[in-house]
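S.K.: Handing you a structure now.
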Amino acid sequence: MKKLVNSDVLRCEMEKQRRKFLSQLTSQLAGIGSLAAVPVLTKAASSYTQVENIRISREPNKTRLVFDLDDSVEYSLFSMHKPERLVIDLKQTRLMNAGVLEELHSPQLKGIRTGVRKMHDLRIVLDLKSRTTPNSFLLEPKGNNGYRLVIDVKEPAGSRKREVVKKQNLRDVVVAIDAGHGGNDPGATGRLGTHEKNVTLQIAKRLKKAIDGTKGMRGELIRRSDRFMRLRDRIKRAHELNADLMISVHADSFPDSRARGASVYALSVSGATSEYARLLAEKENKVDLLFGDVDLNHKDKMVRQVLLDLSLTGTIESSLDIGDEVLKELGRVGRVHKKKVQQAGFAVLKAPNIPAILLETAFISNPKEERKLRSSAHQNKLATAILRGVNDYFSRKAPPGTWLSEAQEHYTIKKGDTLAQISDKYRLPVSHLRTRNSLRSDDLRVGKKLYIPVS
């Protein structure tokens, strides 16, 4: 009987040792095999210090990480090389929310990983783009802040200077704004005596001001005053400006004064999308003849046409894409005459290698729309709508070598976010966020991505 009891006790003890060994092995494998999985514990595990949040900020010549803790902590910090890493070990610590790691971005960081070390400690590994000299300190509670562990990742000497030089080499996106008609060509005239040439110049100037207020973009007026310009000279000017886009602003007219709404047109090298588009193009083209700056001095007429078509076809797709974005925004301001971008052989749009659209902002022959076109408030609304459409296009397809193509990040909106908080996070004016993302209000939709213009 005594032997049986001893045997039972021995089996129980062996089972306890087996379970302990398996538990230790599982924990060790979790820490070694992957640094991605970290137990998320509740405050009930009071024996552990909790990392409640991790914040990141960019300061001159360094990136700063701040760990918000619910208690003091013992920690160690060391660097590893080839590849460059910074390792932070926090004793008896757990991360409350591993999701915060997804929002940590910095030019100095390639990535950030976490894992369990020695079953109870939290290990954080910062993957760095270059060797750094780290600095750290622990702050005690003060005011509304609890314990904070601060890690400064300093940039190598001269890296900031190289970055500034690189950004200085980036150029603005150039938008050439062509105010239709001018001088002895007044364009259409409304019943109240409003000349199209005056309205288009006013809208063009307001559009330039709006574009110039957008970081990374610059507006250039084709004509700045009431002067006549031949169509070929307008195109030549756009090329001299190295424009990335040309917008020709007009105000439509029609014998039936009930006709109303805005329209957007792009070039067609084949045929017009509608009879009205064809007639409108013919009317606008009567002012001048276009030969452009493509070498068309070829004796064969067909060869001349092929040369021109080849130089234009590549830009028509971009023109239609931009036109779609602008038309969508104009539809938010008022009625649109055509729900799709129309195409016709507008001479002023035949600018090789420059996407170009022609806007009929409204029917000046309609008394109600004529009054709107004379209104500075409505002109500003039109300018803002056009800018939003252009912005939406260049946020997707900014030309290489421009500030917009290189200097933007994305931020995914979370529940509780406000525009003011996001602007504080990235240290830029709220107005830049509104303009860059074509926001009409400060209401944010959870899950939507915001373009962040990086200065």
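S.K.: Considering the stretch 55-86 alone, what residues qualify as being modelled with pLDDT of 80 or more and outside any strand (DSSP E or B)?
M.R.: Quick first cut of the stretch 55-86, residues modelled with pLDDT of 80 or more only: 55, 64-86.
Correct list: ASP70, ASP71, SER72, VAL73, GLU74, HIS81, LYS82, PRO83, GLU84.
S.K.: I want to confirm something. Restricting to the stretch 210-243 and keeping residues that are over 16 Å from ILE357 (Cα atoms) and assigned to a strand (DSSP E or B), which single residue is modelled with the highest pLDDT?
M.R.: ARG218
S.K.: Further, regarding this structure: Considering only the stretch 377-402, state which residues are touching a residue at least 60 places away in the same chain (Cβ under 8 Å) and over 17 Å from GLU329 (Cβ atoms).
M.R.: If the condition is that a residue be touching a residue at least 60 places away in the same chain (Cβ under 8 Å) and over 17 Å from GLU329 (Cβ atoms), then ALA398, PRO399, GLY401, THR402 are the ones that fit.
S.K.: Within the set of pairs 6 or more residues apart or between chains, which connect a residue that is farther than 13 Å from VAL73 by Cβ inside the stretch 46-57 to a residue that is at pLDDT 80 or above and outside any loop (DSSP other than H, G, I, E, B) with Cβ atoms less than 6 Å apart?
M.R.: So the pair list comes out as ASN53/ASP68; ILE54/PHE67; ARG55/VAL66; ILE56/LEU65; SER57/ARG64.
S.K.: Hey, among SER268, SER318, SER248, SER253, which residue is at pLDDT below 90 and either crowded, with 23+ Cβ neighbours inside 10 Å or more than 31 Å from the chain's Cα centre (by Cα) (or both)?
M.R.: Working: SER268 fails: either crowded, with 23+ Cβ neighbours inside 10 Å or more than 31 Å from the chain's Cα centre (by Cα) (or both); SER318 fails: either crowded, with 23+ Cβ neighbours inside 10 Å or more than 31 Å from the chain's Cα centre (by Cα) (or both); SER248 fails: at pLDDT below 90.
Selected residue: SER253, the only one of SER268, SER318, SER248, SER253 that is at pLDDT below 90 and either crowded, with 23+ Cβ neighbours inside 10 Å or more than 31 Å from the chain's Cα centre (by Cα) (or both).
S.K.: Follow-up. Would you call LEU358 touching a strand residue (DSSP E or B) at 6+ places or on another chain (Cβ under 8 Å), assigned to a strand (DSSP E or B) and either assigned by TED's automatic domain parsing to the domain that holds PHE254 or modelled with pLDDT of 85 or more (or both)?
M.R.: yes
Residues checked against (1) outside any strand (DSSP E or B); (2) at pLDDT below 80; (3) among the acidic types (Asp, Glu); (4) not assigned by TED's automatic domain parsing to the domain that holds ALA243:
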{"position": "HIS378", "(1), (2), (3), (4)": "yes, no, no, no"}
{"position": "ALA383", "(1), (2), (3), (4)": "yes, no, no, no"}
{"position": "ILE386", "(1), (2), (3), (4)": "yes, no, no, no"}
{"position": "ASN391", "(1), (2), (3), (4)": "yes, no, no, no"}
{"position": "GLY416", "(1), (2), (3), (4)": "yes, no, no, yes"}
{"position": "THR435", "(1), (2), (3), (4)": "yes, yes, no, yes"}
{"position": "LEU439", "(1), (2), (3), (4)": "yes, yes, no, yes"}
{"position": "GLY447", "(1), (2), (3), (4)": "yes, no, no, yes"}
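S.K.: Any idea which of ASN366, ASN380 is of a type in the set (S, T, N, Q) and within 27 Å of the chain's Cα centre (by Cα)?
M.R.: That would be ASN380, the only listed residue that is of a type in the set (S, T, N, Q) and within 27 Å of the chain's Cα centre (by Cα).
S.K.: Would you please name the residue that is nearest to PHE394 (Cα to Cα), looking only at residues in the stretch 193-235 that are free of Cβ contacts under 8 Å to residues at least 24 places away in the same chain and of a type in the set (Asp, Glu)?
M.R.: The selected residue is ASP212.
S.K.: Could you tell me whether MET246 is touching a Lys or Arg at 6+ places or on another chain (Cβ under 9 Å), in contact (Cβ under 8 Å) with a residue 24 or more places away in the chain, in a strand (DSSP E or B) and not polar (S, T, N, Q)?
M.R.: Criteria met by MET246.
S.K.: Would the stretch 130-145 turn up any residue that is within 28 Å of ILE413 (Cα to Cα), at pLDDT 85 or above, surrounded by 13 or more Cβ atoms within 10 Å (Cβ to Cβ) and in contact with a Ser or Thr (Cβ under 8 Å, 6 or more places away or on another chain)?
M.R.: no
S.K.: Going through the stretch 321-350 one residue at a time, which ones are of a type in the set (Gly, Ala, Ser) and modelled with pLDDT of 85 or more? Give the derivation first.
M.R.: To start, the set of residues in the stretch 321-350 that are of a type in the set (Gly, Ala, Ser) comprises 323, 331, 334, 344-345, 347.
Correct list: GLY323, GLY331, GLY334.
S.K.: Does ILE357 count as surrounded by 24 or more Cβ atoms within 10 Å (Cβ to Cβ) and either free of Cβ contacts under 8 Å to residues at least 60 places away in the same chain or over 18 Å from LYS209 (Cα atoms) (or both)?
M.R.: yes
S.K.: Related question: In this structure, is THR189 hydroxyl-bearing (Ser, Thr, Tyr) and at pLDDT 85 or above?
M.R.: yes
The values are calculated or read from the model by the stated rules, or taken from the named source; none is laboratory data. Since the structure is predicted, the reported quantities are computational estimates derived from the model, not experimental observations. Backbone-built Cβ (ideal geometry, glycine too); neighbour counts: all protein chains shown.
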